[in-house]
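The structure appears below as structure tokens.
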């Protein structure tokens, strides 16, 4: 399923964890765990758009998962294989 997530993010450019979970018929917490795999490898970018308006009025729920977007990165930020120190 990890490769399916990768392919879908490449195809759609960006998606929320809610959309990804619905697409793959899994819970949001399971999807967050799978996305964490790609985050550790530096392959996805997380864009938090909660509070993007900057007004701070408090009328929106800033913890909503539907305001956090994930994008696939063609080049990893971190090396995928870390060299072990001796």
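The values are calculated or read from the model by the stated rules, or taken from the named source; none is laboratory data. Predicted model, so just to flag it, every value in this text is computed and none were measured. Counting neighbours? That spans all protein chains shown, and the Cβs are built from the backbone with ideal geometry, glycine included.
Within the stretch 64-72, the presence of at least one residue that is modelled with pLDDT under 75 and either surrounded by fewer than 13 Cβ atoms within 10 Å (Cβ to Cβ) or out of contact with any strand residue (DSSP E or B) (no Cβ under 6 Å at 6 or more places or on another chain) (or both) is confirmed. Applying the condition of being assigned to a loop (DSSP other than H, G, I, E, B), farther than 17 Å from residue 2 by Cα and modelled with pLDDT of 60 or more to the stretch 36-56 and asking which residue is nearest to the chain's Cα centre (by Cα) yields 49. Taken over the stretch 14-35, the criterion of being over 11 Å from the mean Cα position of the chain (by Cα) and not in a helix (DSSP H, G or I) is satisfied by 25, 26, 27.
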